[in-house]
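Data first, discussion second: the structure below is written as structure tokens.
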Amino acid sequence: MSELLAVGRYEFRMQVRKRSLWLAMLLLAAVIALTQGDRGPRYTEAGAPAREVMAGWALLFGIVVPIGFGMVLADRLVRDRRLGTTALLESLPVGPRVLLAGKYLGGLASSALPGLLAMLVAGGYETVHRGDPLMLAWAVLAFGLIMLPGLAFVAGFALVSPLVISAPLFRVLFVGYWFWGNMLPPEFLPSLSGTLLSPIGDYPVSWLIGETALYAGVPGWLSFLRPAPSGVSVLVSVVLLVLVGLLPLVVAGTVFSRQRRTA
Amino acid sequence: MDIQTTGLSRRFGKVTALHSVDLSVPGGMYGLLGANGAGKTTLMRILAGVLPPGGGEVRVGGHDLTTGAGRTAVQRRLGYLPQDLGLYPDLTPREFLDYVGLLKGLDDTRARRQQVDELLELVALSEVAGRRMKGFSGGMRRRVGIAQALLGDPALIVVDEPTAGLDPEERVRFRSLLAGLAGHRTVLLSTHIVEDVAQTCQHAAVMAGGRVVYTGTVPDLVRMGEGATWEVVTTTGAPPPVGVVVSAISRTDGTHYRVISSTAPGAHAVPAAPSLEDGYVALMQRAPAQ
Ligand SMILES: Nc1ncnc2c1ncn2[C@@H]1O[C@H](COP(=O)(O)OP(=O)(O)OP(=O)(O)O)[C@@H](O)[C@H]1O
Ligand SMILES: [Mg+2]
């Protein structure tokens with residue numbers, strides 16, 4: 001347990017110090033915030049509840065911020081090989097699963113920080129703009145319910161996939177995936193957008209604003225993953241996203257343990 | 001912790017890096033010599049539990065390294081300096097050592113911090129202890145690596161070319177440090193610098209082509225050069241036609257060659273007392289790598 005915390009803590013510390021982390025994500029957040037059209041959250045009608053306004057912001061940031069998140073996490077595991085720290089880490093009495101879990105937790109926590117900061121800035125702006133102090137509270141809630149599960153989902157894949165397909169290729173594929181799996185209309189092509197596995201948070205946003213945000217619940221491919229948005233389907237979506245995001249880590253942990261045992 | 005290997009082997013695809021290695025390291029300071037690609041790093045990686053052996057037996061302090069439990073038991077008491085250790089550029093040496101210490105199970109925060117500071121002092125890095133390691137020179141990085149290997153008072157220290165990249169003063173300082181530690185520990189040291197072994201080790205093994213071609217005391221290895229070490233002075237500048245030249249110095253009376261050869265390399269060759277390097281070269285000539 002103390003080893004897990006140590007890996008998580010130092011992974012967090014190293015990642016938080018990277019300027020590229022903050023630059024990439026805050027730049028994306030700023031661009032999308034400043035270029036939002038009149039359907040953007042800034043223009044939600046006056047008097048709208050804080051819940052709706054901040055859910056709108058989380059969805060807006062969700063269009064691009066997770067892309068930056070996936071980019072910066074993509075080299076966290078391959079970098080140990082590049083830097084040459086792997087042999088030392090493997091010589092320490094800590095199993096590969098603990099190392100992976102620690103890197104996942106530390107990487108997720110540190111890389112999610114700019115997303116939280118973007119939400120807090122938006123919440124602060126809305127608090128002043130609309131004179132509603134609940135905005136700030138909902139900024140945090142919306143971050144936790146809408147953005148964080150999607151980021152956890154992305155984190156598992158962003159850490160592990162580059163070990164197999166290299167970080168640059170992962171980054172390219174990931175951008176394509178993000179638009180296909182979140183924003184492509186499901187009637188247009190078979191797609192994961194609008195399903196419980198859409199990491200942009202289609203379900204929680206739809207539930208919070210009381211209408212379909214993007215395509216949640218819209219009929220399409222894999223219909224069993226497209227229930228009507230409700231409290232229950234939001235919960236299922238959040239749990240599914242986190243669990244599916246852990247799958248690549250479980251696979252990698254099993255492979256690494258086996259590699260340590262047999263030549 | 002003593003090291004025992006029997007029939008230890010390891011292949012990488014078609015390359016056999018270790019051929020049935022039988023080695024017994026009792027304790028104290030033990031040198032491991034050998035040419036590039038001889039298999040030293042492969043052996044050390046197996047001993048550190050980083051690489052699974054391909055076949056044969058490995059026991060360290062009685063623990064079987066082919067089992068998970070044995071590996072963990074050894075790793076708890078191990079200090080390992082890999083040949084090409086990388087560091088995290090965004091951490092300071094103090095943080096890096098703290099991290100490694102935590103993973104070694106040094107859970108008492110105060111004791112760990114104190115040990116980290118002592119080790120930084122020992123490798124003369126106290127002044128930069130709070131600076132990020134990005135941009136550290138090769139020798140500074142090496143010293144961070146050495147310090148982390150000593151964390152947690154390990155019973156077995158495996159250091160793969162620890163003195164490569166250190167300036168002469170630092171090298172001398174570090175090898176006496178290691179020799180001082182070897183008292184009640186086992187220190188396995190691989191190096192290309194024969195002098196490091198000559199100055200610190202009682203015992204040594206020589207590897208060539210994945211096999212151990214010599215194990216024994218360092219004085220016995222020196223004796224391998226007896227009757228095969230010669231000095232030849234030539235005025236033409238051309239090296240003697242037979243033997244391996246280990247040194248050549250130009251002086252006013254001509255070029256002084258030191259030559260390893262089983263027969264006298266010329267009529268004017270004078271037998272010389274061998275050094276460890278001469279013994280090593282003589283051994284390698286007799287048992288060439290396959
Ligand atoms: N991971 C690997 N994959 C493929 N071949 C390897 C690997 N590691 C070592 N080898 C091969 O095994 C042989 C022994 O290598 P090793 O690194 O153990 O030698 P060494 O004695 O440490 O050499 P050096 O003095 O250059 O460090 C070499 O032929 C090398 O190419
Ligand atoms: Mg080597």
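The values are calculated or read from the model by the stated rules, or taken from the named source; none is laboratory data. None of these values were measured; they are calculated from a predicted model. So basically every Cβ, Gly included, is an ideal-geometry build from the backbone, and we count neighbours across all protein chains shown. Ligands, DNA and RNA are excluded from the accessible area calculation, which covers all protein heavy atoms including side chains. Shrake-Rupley method; radii C 1.70, N 1.55, O 1.52, S 1.80 Å.
With all protein chains present, calculate the accessible area of A:Val72 using a 1.4 Å probe and round the result to the nearest 10 Å².
20
How large, in percent, is the carbon and sulfur part of the accessible surface of the protein assembly as shown at a probe radius of 1.4 Å? Working shown, then result.
Numbers: 14420 of 23820 Å².
Its accessible area is 61 percent carbon and sulfur atoms.
Identify, among A:Gly62, A:Val78, A:Leu105, the residue whose Cα sits farthest towards the positive end of the charge dipole of the stretch A:21-141, taking +1 on the Cβ of Lys and Arg and -1 on the Cβ of Asp and Glu, with the dipole about the Cα centre.
It is A:Val78.
Identify which of A:Pro133, A:Pro41, A:Pro185 has the largest mean-square fluctuation in a Gaussian network model of chain A, with springs joining Cα atoms closer than 10 Å.
A:Pro133
Give the residue list of GluC sites (Glu not before Pro) in the stretch B:87-129 that are DSSP loop and have at most 13 other beta-carbon atoms within 10 angstrom. Could the numbers behind the result be given before it?
Values: sites: B:Glu95, B:Glu118, B:Glu121, B:Glu127; in loops: none.
The qualifying sites: there are none.
Just to confirm the number: angle between the C-alpha axis of helix A:50-73 and the first principal axis of chain A, 0 to 90 degrees, nearest 10?
Here the helix axis deviates by roughly 30 degrees.
For A:Lys18, go through the aspartates and glutamates and keep the ones whose alpha-carbon is under 19 Å away, minus same-chain ones fewer than eight residues off.
Cα-Cα hits under 19 Å: A:Asp75, A:Asp80, B:Asp90, B:Glu95.
When the dipole is taken about the Cα centre of the protein assembly as shown, and only Lys, Arg (+1) and Asp, Glu (-1) are charged at their Cβ, what size is it in debye, to the nearest 20?
480
Using only atoms on other chains, find how many Cβ atoms lie within 10 Å of each Cβ of peptide B:101-108 and report the average.
Numbers: counts 2, 9, 14, 6, 6, 1, 3, 0.
Rounded to a whole number, the mean comes out at 5.
Tilt of helix A:19-34 relative to the longest C-alpha principal axis of chain A, in degrees (0 to 90, nearest 10)?
20
From the protein chains alone at 1.4 Å, what is the descending order of accessible area for B:Thr16, B:Thr186, largest first? List each step's numbers first, then the result.
Details: B:Thr16 45, B:Thr186 0 Å².
Sorted descending by solvent-accessible area, the residues read B:Thr16, B:Thr186.
Only four residue types carry charge here, +1 at the Cβ of Lys and Arg and -1 at the Cβ of Asp and Glu. Report the dipole size of the stretch A:2-262 about the Cα centre in Debye, rounded to the nearest 20.
1120
Determine which lysines satisfy two conditions relative to B:Lys40: a Cα distance under 26 Å, and not lying fewer than 8 residues away in the same chain.
The qualifying lysines are B:Lys14, B:Lys104.
Enumerate by residue number the trypsin sites (Lys or Arg not before Pro) in the stretch B:4-103 meeting two conditions: DSSP loop (anything except H, G, I, E, B), and at most 16 other Cβ atoms within 10 Å of the site's Cβ.
Details: sites: B:Arg10, B:Arg11, B:Lys14, B:Lys40, B:Arg45, B:Arg59, B:Arg71, B:Arg76, B:Arg77, B:Arg94; in loops: B:Lys14, B:Arg77.
When the trypsin sites (Lys or Arg not before Pro) of the stretch B:4-103 are filtered for loop state and at most 16 Cβ neighbours within 10 Å, B:Lys14 remain.
Shielding by partners for B:82-94, please: the mean number of other protein chain Cβ atoms within 10 Å of each residue's Cβ. Don't jump to the answer; show the numbers that get you there.
Numbers: counts 7, 2, 2, 5, 10, 4, 9, 5, 7, 4, 0, 0, 0.
Mean shielding by partner chains, rounded to a whole number: 4.
Roughly how many Å is it from the Cα centre of the stretch B:20-65 to that of the stretch B:246-289, as a whole number?
32
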